1. Among the candidates Cys3, Cys22, which residue alone is within 15 Å of ligand 3 (Cβ to nearest atom) and either in contact with a Lys or Arg (Cβ under 8 Å, 6 or more places away or on another chain) or of a type in the set (Asp, Glu) (or both)?
2. How many residues are of a type outside the set (A, V, I, L, M, F, W, C) and either touching a Ser or Thr at 6+ places or on another chain (Cβ under 6 Å) or open to solvent by 90 Å² or more (accessible area, probe 1.4 Å) (or both) when one looks only at the range 249-275?
3. Among the residues of the range 124-132, is any modelled with pLDDT of 95 or more and either more than 15 Å from the chain's Cα centre (by Cα) or not in a helix (DSSP H, G or I) (or both)?
4. I'm trying to understand the selection: among the residues of the range 220-248, which are open to solvent by less than 80 Å² (accessible area, probe 1.4 Å), touching a helix residue (DSSP H, G or I) at 6+ places or on another chain (Cβ under 9 Å) and not in a helix (DSSP H, G or I)?
5. Name the single residue, out of those in the range 81-130 being of a type in the set (S, T, N, Q) and without any contact (Cβ under 8 Å) to a residue 60 or more places away in the chain, that is farthest from Cys298 (Cα to Cα).
6. Hey, Ala214 hits all of (1) part of a helix (DSSP H, G or I); (2) touching a strand residue (DSSP E or B) at 6+ places or on another chain (Cβ under 7 Å); (3) without any contact (Cβ under 8 Å) to a residue 60 or more places away in the chain but one; which does it fall short on?
7. Do you know which residues across the range 133-156 are assigned to a helix (DSSP H, G or I) and open to solvent by less than 20 Å² (accessible area, probe 1.4 Å)?
8. Tally up the residues in the range 203-219 that are open to solvent by 40 Å² or more (accessible area, probe 1.4 Å) and under 16 Å from Asp166 (Cα atoms), please.
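The values are calculated or read from the model by the stated rules, or taken from the named source; none is laboratory data. No experiment lies behind these values; they were computed from the predicted model shown. For neighbour counting, all protein chains shown are included, and Cβ atoms are generated from backbone atoms with ideal geometry for every residue, glycine included. SASA here: full protein model, heavy atoms, side chains in, ligands and nucleic acids out. Shrake-Rupley method; radii C 1.70, N 1.55, O 1.52, S 1.80 Å.
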Amino acid sequence: MKCRKCGGVAVINMRHHRLALCADHFVEWFISYTQRAIERYRMFGSDDQLLVAVSGGKDSLALWDVLSRLGYRVDGMYVGLGIDGDDGYSAASQAKAEAFAEARGLTLHVVDVKQTYGESIPELAQMTRRGRKPCALCGLVKRHIMNRVAYEGGYDAIATGHNLDDEAAVLMQNTLRWQTGYLARQAPVLPSTHPRLARKVKPFVRLYERETAAYAIVRGIDYIYDECPHAVGSTTIFYKGLLNQLESRSLGAKLSFYLSFLQAKREGLFSEPGEALELNDCQRCGQPTTAPELCAFCRLWVRRIDKG
Ligand code: AMP
Ligand code: FES
Ligand code: ZN
Ligand code: ZN
C-alpha cells in the first residue's frame, strides 16, 4: 500500500476516507483534521487557555500532543482515582501522564481523590453503593474535579480525548432508549452555562479509535494500554463491539451515524426543552446544581460521613 501524497510506504489505510498515508503524511493529516474540527465546531481560539483531561491513555495524550503542536496554550490535568491499589491501574496511568508532561516541559495538575477528599473511588463506591460498579460515581467525581480545577485555574475550556468510537457507542445507548435529554446535550462542544462550569470540548469526535491509536504509536507516545478494570463487561464496550460489526459490513457506518446525528440536531431534532433548568449554588462547595441545597458530588461525601 502506498501513501497517496508521496508514494512512500503507507502505515495506515483509512478506507472510509479512501486515504492511505505514510507516517509523516498521516501525522500531518491528523493534526490538520483535528484543527478543522476545532474550527468547524467553534471549540476554542488561540487566545483561550485550555485544560486537557489526561487519563494516561492514547486518546488524551495524543490530544495533548496535537494541541500543543498546534500552538494552543494547554495544561493537563490528571485525576488519581486510586483504582487497584498502590501499583495498579491508576498508579500506572498517572506515571504515563507525568512522564509525558515532564519530557515535553508541560504543566500537569494532579488531583488525588483519596488525598484530597479522604477516600479513593473504590472505597467510596464500597461505602455508598455496595455491590454496584463504581463507574457512574467515578464519572461524577471526575466531572466535579475537572470543573473545580478549571474554575480555580481560570481555564476557558476543558478538552477530553473522547473519540468517534466513544461517541458513537454513547449515541447508540442513548438512541436505543430515546433519552432525549442526553441526546440534546451530546455534542462536540458543551457551552458553559455558569461561570463555575467550564466549556467542554472533544476535538477527536470525528476520529476513529484506530486512528488515535495509530497517531500515538507513530509519534512514539508511551501510554497505558490497559482499560480501567471496572470497564470490563460494561455496556459501552458491548456497544463498541456491535458498532465494529456494523462498520466491518458497512464502511464509514460509525462516522455517518454520528455525523448524521449532528446534522439532525442542526435541523432541530432534540432541541433542548424551552425552559432552562434553574441552577442553585451548592451550599458546601459552591458549584452550581439543580438540587436545592447540596450538589450530587457533596451529597456523596455527606452520605459517606453519615454511614461512617
Ligand atoms: P474514558 O471515560 O475513560 O473513556 O475517558 C474519556 C476521557 O476522559 C479521556 O479521554 C480523558 O480526557 C478523560 N479522563 C478519563 N480518565 C481521566 C482521569 N483519571 N484524569 C483525567 N482525565 C481523565
Ligand atoms: Fe472510573 Fe473505571 S471506574 S475509570
Ligand atoms: Zn507520504
Ligand atoms: Zn457541592
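1. Testing whether each residue is within 15 Å of ligand 3 (Cβ to nearest atom) and either in contact with a Lys or Arg (Cβ under 8 Å, 6 or more places away or on another chain) or of a type in the set (Asp, Glu) (or both) leaves just Cys22.
2. 6
3. Checked the range 124-132: no residue is modelled with pLDDT of 95 or more and either more than 15 Å from the chain's Cα centre (by Cα) or not in a helix (DSSP H, G or I) (or both).
4. Within the range 220-248, Ile221, Tyr223, Ile224, Cys228, Ser234 qualify.
5. Within the range 81-130, the match that is farthest from Cys298 (Cα to Cα) is Thr107.
6. For Ala214, the exception is condition (3).
7. Across the range 133-156, the qualifying residues are Leu137, Cys138, Gly139, Val141, His144, Ile145, Asn147, Val149, Ala150.
8. Summing the residues that are open to solvent by 40 Å² or more (accessible area, probe 1.4 Å) and under 16 Å from Asp166 (Cα atoms) in the range 203-219 gives 2.
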